[in-house]
1. With Kirkwood's inverse mean 1/r over C-alpha pairs for Rh, give me the Rg to Rh ratio of the protein assembly as shown, two decimals please.
2. Hey, can you find the accessible area per residue of chain A for me, probe 1.4 Å, expressed in square angstrom?
3. Using a 1.4 Å probe, what is the accessible area per residue for the range B:72-144, in Å²?
4. Near A:GLY220, within a Cβ-to-Cβ distance under 15 Å, what is the net charge of the other residues, with Lys and Arg +1 and Asp and Glu -1?
5. Normalising by the residue count of chain A, find the relative contact order in percent from Cα pairs under 8 Å and 6+ residues apart.
6. Need one number for the range A:60-267: average projected area of the convex hull over its C-alpha atoms, nm².
7. Under 19 Å from the Cα of B:LYS94, which aspartates and glutamates turn up, not counting those fewer than eight places away in the same chain?
8. I need the P(r) histogram for the range B:133-254: all alpha carbon pairs, bin width 5 Å from 0 out to the longest distance, whole percents.
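The values are calculated or read from the model by the stated rules, or taken from the named source; none is laboratory data. Predicted model, so just to flag it, every value in this text is computed and none were measured. Note that we place each Cβ from the backbone using ideal geometry, even for glycine, and neighbour counts take in every protein chain shown. With ligands, DNA and RNA removed, areas are computed over all heavy atoms of the protein, side chains included. Shrake-Rupley method; radii C 1.70, N 1.55, O 1.52, S 1.80 Å.
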Amino acid sequence: MSTTMAPVKARRSTTEKDKATPAWQKRLTSDRAARVAALLSFFVFWVLMSALFARVPGPVEVVQRLADEFSRGEVFGNFGLTLYRFGVGVALAAVVGIAIGVIMGLSQLGRAFFESPVLVALSIPAIIWSFLTVMWFGFGDLSPIITTFLTSVPFVIVNVAQGVRGVSRDLRDMSTTYKVPLSRRIKDLVLPAVTGYVAAGIRFAIIIGWNGVLLAEWFGGGGGVGYRARWWYDANRFGGFAAWVVLFVGFIVLLDRFVLDRAIRRAFRWRDASA
Amino acid sequence: MAVLTIKNLAKTFNVGTPKASRVLDDISFDVRGGTFVSIVGPSGCGKSTLLNIISGVEEHTSGDISLTSDAGGPARMGYVFQDPRLLPWRSVMKNMMYVQDDRSEATVSRAKKYLDMVGLAKNADFFPGQLSGGMQQRVGIARAFAVEPDLLLMDEPFSHLDAITARGLRAQLQDIWAQSKKTVVFVTHDVVEAVELSDRIIVLQPGGRIYEDITIDLPRPRRQTDPTVATLQAEVLGRLETMKAMSRTASAVA
């Protein structure tokens, strides 16, 4: 007895599926659409909160306060001052953090020496560092710079040390066999291998560091975004306070997106290379 | 003059613990300059450990090992591993230069010469990820020759490649070696490969002792299709089979 089988429908290729999907559907399901949706959700939530609670300033009020600050000539000077302090603090944290992280990753002795101080530093919040630095260094630039440095450097150290410990044993053995000098091993083997960890460490440093700089300016005075935010807070004008916070957070987001993200993609372009 | 001299060398892992295991025992041989010596033996007989000890990656438990250069100073070593071990984030040329002592023009042109010899001169600016496995291994071979080593160590460099690529690379290795006449210690479990490439084959037996030291006196270049090569390959394989049978009997009696 013979049986006949129904013809199996040919499966569509990815090119065919791609052609069959309308352009609007592709746009709606893209990463970009997800990011826009997140921003819109946050914005709607903010508008709702400001409509429900009088002490939550809405977007319109925040923009108005920001425009007022611009017209008073307060923005550029204070923002520039904070950026300078923040930049110096984070740069110091990156340099010192990478150096100590590499030592901790390469040397058992180095790890034993730095492990406890780094753990202690990790557990101290930015607010404590800001109090201490204001007491130690007064109301100048040094307090926010050192606070930024102290709050962010442990995160760079921990990330870099973890990355260095993960450097391929095979590549390290190859370098030993060929007697590659230590300086070249660090430059060509260790640092590129830990780029991802360094980038993660610096991202942490930026996110944690900006807390530090704003808190030190809040308590230490002497101008800057934190000082100006406190000025509005003391005046019981939350719109002005929120305007400064939005300005700085916006800057950090743009910095991450357009500078750090691109730098990381450039550093990892070798990963996209495939046979 | 002997480039490499090994006397009564032994290696025990986990010394002084209940897990102690001796992988090399009373190994003695020397390798004269300009010869190609293969070390063959079954898996676990200590071939790669011996190579790692010679290279300095691993320390030996007892015995002596000495390396001399023709110039009399410290010997320069090249190493071709089972896998290419290239820095994935550096171009082929930068990988070649990573292991060099200096960045002089002479060194750069030497690196280019060996890249050319393995047929990869046009790929100098490629990242390793843009090359096939066989091409990456050719970079590893060029890198090892380009350091102008007094002693070149090779640890089963073709074992991860398909048969056709491995055959092509063996022929290429013979050509480069014929031109450079470097001293080579080549570890392999493939007797056929060892006979094709070597002047001498040292057979290690389970337990890490030397079973036999065989001289291969055949004209070069050798090809597997050559009947004299095939005959000798069969003879050496036969001796290895005898060794394996004796090892099995010895362990059964024990």
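1. On the way: Rg = 32.8 Å, Rh = 28.8 Å.
Rg divided by Rh gives 1.14.
2. With the other protein chains kept in place, chain A gives 60 Å² per residue.
3. Values: 2920 Å² over 73 residues.
So the range B:72-144 comes to 40 Å² accessible per residue, rounded to a whole number.
4. Values: positive: A:ARG85, A:ARG228, A:ARG230; negative: A:ASP141, A:GLU217, A:ASP234.
Neighbour charge sum, excluding A:GLY220 itself: 0.
5. Working: 292 pairs, mean separation 60.0, N = 275.
With pairs under 8 Å counted, the relative contact order is 22 percent.
6. Numbers: hull surface 52.2 nm².
The directionally averaged projection comes out at 13.0 nm².
7. A:ASP170, A:ASP173, A:ASP188, A:ASP272, B:ASP83, B:ASP102, B:GLU105, B:ASP116, B:ASP125, B:GLU148
8. P(r) over the range B:133-254, rounded to whole percents: 2, 9, 19, 21, 19, 14, 9, 4, 2, 1.
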